[in-house]
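**Q** Next up is a structure, given as structure tokens.
The values are calculated or read from the model by the stated rules, or taken from the named source; none is laboratory data. What you are looking at is a predicted structure, and each value in this text was computed from that prediction instead of being measured. Virtual Cβ from ideal backbone geometry, glycine too; neighbours counted across all protein chains shown.
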């Protein structure tokens with residue numbers, strides 16, 4: 001058993017325990033393996049261990065990695081999902097639109113419009129999550145909570161996109177209750193959008209929050225997708241990473 005396979009088993013065990021504690025079905029939470037800064041060989045190990053969804057922050061690195069993994073012709077690789085979970089600059093939006101299945105960090109209409117215009121017609125619609133700044137910090141990425149509903153209303157009108165949910169990356173805190181509080185803020189925003197019953201929410205089902213250090217709190221607060229990197233792939237080196 002490889003280290004990555006062992007780590008995946010441990011993360012799934014943590015998710016199962018968190019779901020049991022929260023009285024949730026274990027299948028209600030999806031694992032997104034964050035493979036940023038790790039090469040295609042690490043992704044290969046995860047795929048062979050059964051992982052199918054991968055998150056990437058650095059867009060150019062990700063595009064090269066996606067191509068390398070496809071070239072490996074792994075069994076089941078045709079069903080892999082690639083999620084962009086890093087900031088999307090205007091000059092990189094085409095790469096996201098053409099290579100990813102999900103864009104989880106949309107926080108302004110301009111980027112959503114570019115993704116819609118640049119998504120190839122022959123591909124399935126690009127799945128979109130709105131990144132929300134639940135901390136309220138002026139220097140953090142994400143739309144402010146008060147502006148989320150208006151952005152959602154605009155995104156659902158764009159062709160070649162489908163609004164799937166909300167994503168948040170709150171500040172680190174070691175306190176479980178504080179973690180829960182931050183995640184519950186994102187969950188409340190998700191619920192408010194869903195309750196609006198605006199047209200275009202037929203597949204609005206994803207609350208992406210929680211990472212290696214706080215996945216239990218995220219599951220407790222209602223997360224449907226946890227994004228785990230170091231808990232699967234180990235400590236990262238950012239020296240070669242580039243946007």
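**Q** Within region 117-168, which residues are free of Cβ contacts under 8 Å to residues at least 40 places away in the same chain, surrounded by fewer than 23 Cβ atoms within 10 Å (Cβ to Cβ) and under 24 Å from residue 181 (Cβ atoms)?
**A** 133, 136, 137, 138, 139, 140, 143, 144, 146, 147
**Q** I want to confirm something. Restricting to region 17-53 and keeping residues that are assigned to a loop (DSSP other than H, G, I, E, B) and free of Cβ contacts under 8 Å to residues at least 40 places away in the same chain, which single residue is surrounded by the fewest Cβ atoms within 10 Å (Cβ to Cβ)?
**A** The extreme case among them is 23.
**Q** Using the structure shown, decide if residue 1 is in a loop (DSSP other than H, G, I, E, B) and over 26 Å from residue 148 (Cβ atoms).
**A** Yes: the conditions hold for residue 1.
**Q** Could you please let me know if residue 11 is within 22 Å of residue 106 (Cβ to Cβ), part of a helix (DSSP H, G or I) and within 19 Å of the chain's Cα centre (by Cα)?
**A** no
**Q** Follow-up. Between a first residue in region 1-13 that is free of Cβ contacts under 8 Å to residues at least 24 places away in the same chain and a second residue that is assigned to a helix (DSSP H, G or I), which pairs have beta carbons less than 9 Å apart while being 6 or more apart in sequence or on different chains?
**A** Close Cβ pairs satisfying both conditions: 1/9; 12/26.
**Q** Still on this structure, I have one more. Is at least one residue of region 178-200 closer than 27 Å to residue 7 by Cα, free of Cβ contacts under 8 Å to residues at least 12 places away in the same chain and surrounded by fewer than 18 Cβ atoms within 10 Å (Cβ to Cβ)?
**A** Checked against the condition, which is being closer than 27 Å to residue 7 by Cα, free of Cβ contacts under 8 Å to residues at least 12 places away in the same chain and surrounded by fewer than 18 Cβ atoms within 10 Å (Cβ to Cβ), region 178-200 yields at least one hit.
Listed here are the residues, each with its yes/no results for (1) farther than 20 Å from residue 225 by Cβ; (2) in contact with a strand residue (DSSP E or B) (Cβ under 7 Å, 6 or more places away or on another chain); (3) modelled with pLDDT of 95 or more.
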| site | (1), (2), (3) |
| --- | --- |
| 61 | yes, no, yes |
| 71 | yes, no, no |
| 75 | yes, no, no |
| 78 | yes, no, no |
| 86 | no, yes, yes |
| 89 | yes, no, yes |
| 94 | yes, no, yes |
| 105 | no, yes, yes |
| 111 | yes, no, yes |
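Rundown of residues vs (1) in contact with a helix residue (DSSP H, G or I) (Cβ under 7 Å, 6 or more places away or on another chain); (2) modelled with pLDDT of 95 or more, yes/no style:
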| residue | (1), (2) |
| --- | --- |
| 130 | yes, yes |
| 137 | no, no |
| 150 | no, yes |
| 172 | no, no |
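**Q** Determine if region 183-196 includes at least one residue that is part of a loop (DSSP other than H, G, I, E, B) and either over 14 Å from the mean Cα position of the chain (by Cα) or at pLDDT 95 or above (or both).
**A** no
**Q** So which residues in region 54-95 are outside any helix (DSSP H, G or I) and closer than 16 Å to residue 131 by Cα, if there are any at all?
**A** Within region 54-95, 55, 56, 57, 83, 84, 85, 86, 87, 88, 89 meet the criteria.
**Q** Turning to a different aspect of this structure: How about region 96-106: which of its residues are outside any helix (DSSP H, G or I) and either crowded, with 22+ Cβ neighbours inside 10 Å or touching a helix residue (DSSP H, G or I) at 6+ places or on another chain (Cβ under 7 Å) (or both)?
**A** Hits for region 96-106 are 100, 102, 103, 104, 105, 106.
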